[in-house]
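The values are calculated or read from the model by the stated rules, or taken from the named source; none is laboratory data. For clarity, every value in this text was computed on a predicted model and none was experimentally measured. Cβ placement follows ideal geometry from the backbone for every residue including glycine, while neighbour counts extend to all protein chains displayed. Note: areas computed on protein heavy atoms with side chains; ligands, DNA, RNA excluded. Shrake-Rupley method; radii C 1.70, N 1.55, O 1.52, S 1.80 Å.
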Amino acid sequence: MKGSGVIALPDPPALTFRASPAPASAQNTVSSKIPHHFCRVINAEKSEFNEDQAACCQISVRRREPGLEEDEEWLILCSTQFLTGHYWALFDGHGGPDAAIIASNYLHYCIKQKLEEIVGGITEAQPPMHLSGRCVCDSDPQFVEEKHIHAADLVVGALENAFQECDEVIGQEMEATNQSGGCTALAALYFQGKLYVANAGDSRAILVLKDSIVPMSSEFTPESERQRIQHLAFVFPKLLDGEFTRFEFPRRLKGDDVGHKVLYRDYFMEGWGYKTVEKADLKYPLVHGHGKQARLLGTLAVSRGLGDHQLKVIDTNIEVKPFLSCIPKVNVFDFALHDIKEDDVLIMATDGLWDVLCNDEVAHVVRSFLAENRTDPQRFLELAKCLVCRARGKKRGHQWMLDDSHEASYDDISVFVIPLHNREED
């Protein structure tokens with residue numbers, strides 16, 4: 001294990017936005033205004049390095065009226081000209097922390113920019129066809145309604161665009177500084193009464209409510225995105241450079257399999273079939289392995305993330321980036337449709353936690369801990385510490401073990417615990 005983090009935020013803090021990405025060599029600072037409830041990433045003493053990074057801030061989105069100059073001083077001074085959101089994000093680096101550091105310093109700025117570009121649409125009950133409000137066709141509102149386009153859809157699109165722009169910036173920065181590596185990205189945005197969770201990678205977010213657990217993200221691995229990856233190889237076979245086969249088999253094929261019919265799957269198949277093995281099928285599979293051992297092009301354990309623009313399969317010129325998507329899946333939770341209780345929380349964590357604790361186990365820890373510590377003003381921070389320590393385990397001899405004697409996590413562990421009650425007051 002490389003490191004573990006404890007992050008708890010009873011109150012969304014404020015951050016000063018950077019106008020440009022921080023250099024990859026910059027340290028991951030959150031803000032001097034962070035309240036004492038926030039605890040920085042700490043090292044778990046299992047190794048020297050920690051590739052996880054975290055960020056949190058308040059996002060102020062400027063309302064822009066048609067015809068007004070962006071730099072008018074009164075716009076900046078008048079608070080009613082802003083929509084306010086709150087942002088939390090976790091970045092799990094691989095191949096070094098550099099991409100995660102850049103993302104932690106820049107993604108929130110990309111989100112702010114993209115929200116400001118569409119702010120005129122999200123302040124309307126129904127987004128207008130033309131952002132300026134111009135009506136070219138009298139039926140424009142009807143067309144928008146038929147497509148079921150709502151303000152939340154514009155926020156989702158802004159998040160998707162922000163991830164893509166951040167990925168481009170990381171690529172430019174890493175190339176300019178001759179660095180390499182990538183990171184997964186999990187971001188949460190509370191905005192206009194809704195919670196948006198955008199995920200590109202294998203980190204996870206869940207809502208632990210009084211009577212239920214609401215998954216707010218899905219992990220993206222070579223296995224879960226097998227069909228997308230295989231289809232890309234089908235459309236652009238040159239991407240494999242003759243070194244890989246796009247077909248999936250239950251195991252790596254051997255010479256003795258040639259000429260026999262074996263189980264296989266192609267990009268268009270949810271189920272399995274049989275195909276006669278040819279010599280070309282003996283090449284290394286595009287997606288190979290199972291569970292945590294599954295790899296994309298024998299290289300990466302994730303299929304979505306930021307960075308990795310320079311990454312190539314070892315001893316080849318095959319680029320991994322075309323198969324690695326930077327676009328997140330965004331899930332939306334509307335607080336207006338739910339009765340949020342005092343102990344309801346959002347748990348965000350990198351895969352170091354989820355590798356050893358399932359959703360039900362985490363929810364059990366959350367509910368038990370908060371019920372036993374109702375009077376503790378630091379209980380959300382202490383809960384984050386508790387979750388990290390559970391996954392970290394205890395050292396027994398040369399191994400780190402969980403309380404149930406199973407092997408503990410050997411990955412970085414970072415956790416956000418975000419209380420959901422009294423959101424507007426916070």
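Looking across the range 309-328, the residues that are open to solvent by less than 30 Å² (accessible area, probe 1.4 Å), within 13 Å of residue 240 (Cα to Cα) and either touching a Ser or Thr at 6+ places or on another chain (Cβ under 7 Å) or outside any loop (DSSP other than H, G, I, E, B) (or both) come down to 313, 320, 323. Residues of the range 199-252 that are among the small types (Gly, Ala, Ser) and over 19 Å from residue 292 (Cβ atoms): 205, 212, 233, 242. Set side by side, the residues 411, 403, 376 differ, and just one is crowded, with 18+ Cβ neighbours inside 10 Å, touching a helix residue (DSSP H, G or I) at 6+ places or on another chain (Cβ under 8 Å), assigned to a loop (DSSP other than H, G, I, E, B) and not hydroxyl-bearing (Ser, Thr, Tyr), which is 411. Which number in (1) at pLDDT below 95; (2) more than 29 Å from residue 104 (Cβ to Cβ) marks the one condition that residue 314 misses? Failed condition: (2). Among the residues of the range 277-296, those that are in a loop (DSSP other than H, G, I, E, B) and touching a helix residue (DSSP H, G or I) at 6+ places or on another chain (Cβ under 7 Å) comprise 277, 286. For the range 102-118, a residue qualifies if it is touching a Phe, Trp or Tyr at 6+ places or on another chain (Cβ under 8 Å) and open to solvent by less than 20 Å² (accessible area, probe 1.4 Å), and the qualifying residues are 103, 104, 107, 108, 110, 111, 115.
Within the range 335-342, can one find any residue that is surrounded by 19 or more Cβ atoms within 10 Å (Cβ to Cβ) and out of contact with any Phe, Trp or Tyr (no Cβ under 8 Å at 6 or more places or on another chain)? No, there is no match, as no residue in the range 335-342 is surrounded by 19 or more Cβ atoms within 10 Å (Cβ to Cβ) and out of contact with any Phe, Trp or Tyr (no Cβ under 8 Å at 6 or more places or on another chain). For residue 182, all conditions in the list (1) farther than 20 Å from residue 96 by Cα; (2) open to solvent by less than 10 Å² (accessible area, probe 1.4 Å) hold save one; what is the number of the exception? Of the numbered conditions (1) farther than 20 Å from residue 96 by Cα; (2) open to solvent by less than 10 Å² (accessible area, probe 1.4 Å), the odd one out for residue 182 is (1). Restricting attention to the range 119-142, the residues that are open to solvent by 80 Å² or more (accessible area, probe 1.4 Å), of a type outside the set (Val, Ile, Thr) and free of Cβ contacts under 8 Å to residues at least 60 places away in the same chain add up to 7. With respect to the conditions (1) touching a residue at least 12 places away in the same chain (Cβ under 8 Å); (2) in a loop (DSSP other than H, G, I, E, B); (3) more than 24 Å from the chain's Cα centre (by Cα), residue 367 falls short on a single one, namely (2).
Taking only pairs six or more apart or across chains, which ones have beta-carbon atoms under 8 Å, a first residue in the range 253-269 that is over 15 Å from residue 287 (Cα atoms) and open to solvent by less than 40 Å² (accessible area, probe 1.4 Å), and a second residue that is assigned to a strand (DSSP E or B) and of a type outside the set (D, E, K, R)? Sorted first by the residue in the range 253-269, then by its partner, the pairs are 262/274. Quick one: is residue 145 modelled with pLDDT of 75 or more, open to solvent by 70 Å² or more (accessible area, probe 1.4 Å) and more than 26 Å from residue 193 (Cα to Cα)? Criteria not met by residue 145.
Among the numbered conditions (1) part of a helix (DSSP H, G or I); (2) of a type in the set (A, V, I, L, M, F, W, C); (3) touching a helix residue (DSSP H, G or I) at 6+ places or on another chain (Cβ under 9 Å), the only one that residue 131 does not meet is (1). In the range 197-252, what residues are loosely packed, with under 12 Cβ neighbours inside 10 Å and either part of a strand (DSSP E or B) or among the aliphatic types (A, V, I, L, M) (or both)? The answer is 235, and nothing else. Taking the range 322-353 only, how many residues are under 28 Å from residue 154 (Cβ atoms) and in contact (Cβ under 8 Å) with a residue 12 or more places away in the chain? Residues that pass the stated criteria total 20.
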